[in-house]
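One structure is given below, encoded as structure tokens.
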Amino acid sequence: MEEPFRYRERPEDFIVEELVAEPEAERADGTHIWFTVEKRDLSTPAAARRIAKALGRRGTDVSFAGRKDAVAITRQRMSVEHVEPGELMGLELDGLLISAPRRHQRKLRLGELRGNRFELVLRGVAPGCVPRLAAGLERMAAEGVANLYGEQRFGPDGAGLEIARLLVFGPAEGYLEALGRAGRPEQVQPALELLRRAVSGTSGERRRAVELCPDLPLDLVPVAKQLARRRTEDVEELLAAVPRVSRSFHLAILQAKVFNDVLARRIREGTSAQALEGDLVLREDGRHGYVSPERPAPAGAMPSGPMWAPGLRLAEGGPGEIERAAFEAEGLSPDHPERPGGLSPRGSRRELRVPVSEPVLDGVDDGVDDGAGDAEAPVDRRDVLLRFGLPSGAYATVVLDELRAACLDPR
């Protein structure tokens, strides 16, 4: 079946503006500089590392509130401590533009944002699809959108999910090997050599493991240093040398998979927007509470799903059965494993649906030649501009998936 539209053909087709909950007042005595980064064709961690390197700092010294798409133009806030604003503004880095430095007394923390505003170009939109797009946006403005994690969360062909499972369930050498194979092609062999030395190398080979560092993926550099320092035969100890931020990100992939499974079943059963008895919903005091006949859900409250961690409070009744089934499908339980990947994660609840704010659909051109010279291509397609906002953690690609489904609906 022919696609109703195309998107993200070039970075300019996918523009993201981050809405950060920044402190209200700038502090003249602040040692942390918050600044805006506009990046193109670059992931957020890569942009942070590039800025840190230009400043002569460690990659972890530059913090950010959220990860943004690589194939896009994105604007987001970052922070770094003990740097003069003029030094930041003087950096000249390909694909990066730095602006608006402000002094604050603390660093910008991951997750500290209100949401994102998107401006997307949909190319080659079929003529009959335009009114369906408009109707779909109108419905989303009234009902919200499923708060699914987008496919990019799980990596190409789901590779990130396999890494996440290896982190949580092992073996440790499998996780380290997967990290190596996820690197650039020229990094794979040095990574495999590091693993060989860790598992069966001589003491001398382990001591010289630092010689591999220049050719390793960044996540394995501290592993090589730990192997050289300790010459350990305990691969679990080496796993703990992988940066905590990377292990936490991989664990979050497995959490996202469980949440998506819960939400997908609620969608199939038609209850993703309906707070059922036993559901946990966000109440007026900012805490999640159970829905019961004695305590019905507040008006407009959405049911929530689990972001798994040991000790997480689950829904009860029917909603709780769905959550436990999703856990069991991944080999998890509410209390096991106790320290996945050597981490102590805090569980949380995530709403099953989120609002889509101020959606707008505009024509970009008169749209008569979508075929790029192909004589058999249709000539009545057009490009349209789509704008909308989403809360923190929600995915624009999920909105696009629903709009695509609306266009393909035969009704």
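The values are calculated or read from the model by the stated rules, or taken from the named source; none is laboratory data. Please read all numbers here as calculations on a predicted model, not as lab measurements. Because the Cβ atoms are built from the backbone with ideal geometry, glycine has one as well, and the counts that use them run over all protein chains shown.
Being more than 21 Å from residue 59 (Cα to Cα), modelled with pLDDT under 90 and under 18 Å from the mean Cα position of the chain (by Cα) is a property that holds for residue 8.
I'd like to know if region 2-14 contains one or more residues that are part of a loop (DSSP other than H, G, I, E, B), in contact (Cβ under 8 Å) with a residue 40 or more places away in the chain and aromatic (Phe, Trp, Tyr). Yes - at least one qualifying residue is present in region 2-14. Determine, yes or no, whether residue 320 is within 19 Å of the chain's Cα centre (by Cα), of a type in the set (Gly, Ala, Ser) and at pLDDT 95 or above. No: the conditions fail for residue 320.
Filtering region 327-341 for residues that are surrounded by 13 or more Cβ atoms within 10 Å (Cβ to Cβ) and either touching a strand residue (DSSP E or B) at 6+ places or on another chain (Cβ under 7 Å) or closer than 30 Å to residue 143 by Cβ (or both) leaves a non-empty set.
Evaluating residue 312 against the criteria (1) crowded, with 17+ Cβ neighbours inside 10 Å; (2) in contact with a Lys or Arg (Cβ under 6 Å, 6 or more places away or on another chain) leaves one unmet condition, (2). Of the residues making up region 295-318, at least one is in contact (Cβ under 8 Å) with a residue 40 or more places away in the chain, outside any strand (DSSP E or B), closer than 17 Å to residue 168 by Cα and not aliphatic (A, V, I, L, M).
Considering region 333-353, and only residues there that are in contact with a Phe, Trp or Tyr (Cβ under 7 Å, 6 or more places away or on another chain) and either at pLDDT 95 or above or not in a loop (DSSP other than H, G, I, E, B) (or both), the residue that is nearest to residue 164 (Cα to Cα) turns out to be 333.
Out of the residues in region 19-50 meeting the condition of being among the basic types (Lys, Arg) and in a strand (DSSP E or B), tell me which one is surrounded by the most Cβ atoms within 10 Å (Cβ to Cβ).
Restricting to residues being among the basic types (Lys, Arg) and in a strand (DSSP E or B), the top hit is 39.
One residue stands out among those in region 105-135 that are under 30 Å from residue 27 (Cα atoms) and crowded, with 21+ Cβ neighbours inside 10 Å: the one that is modelled with the lowest pLDDT, which is 113. Within region 75-103, the set of residues being within 25 Å of residue 217 (Cα to Cα), surrounded by 14 or more Cβ atoms within 10 Å (Cβ to Cβ) and of a type outside the set (A, V, I, L, M) comprises 79, 95. Of all residues assigned to region 268-285, at least one qualifies as being modelled with pLDDT under 95, outside the structural domain of residue 384 (by TED's automatic domain parsing), more than 30 Å from residue 134 (Cβ to Cβ) and loosely packed, with under 15 Cβ neighbours inside 10 Å.
Any idea which residue in region 354-369 is modelled with the highest pLDDT, counting only those that are out of contact with any helix residue (DSSP H, G or I) (no Cβ under 6 Å at 6 or more places or on another chain) and among the aliphatic types (A, V, I, L, M)? This residue is 354.
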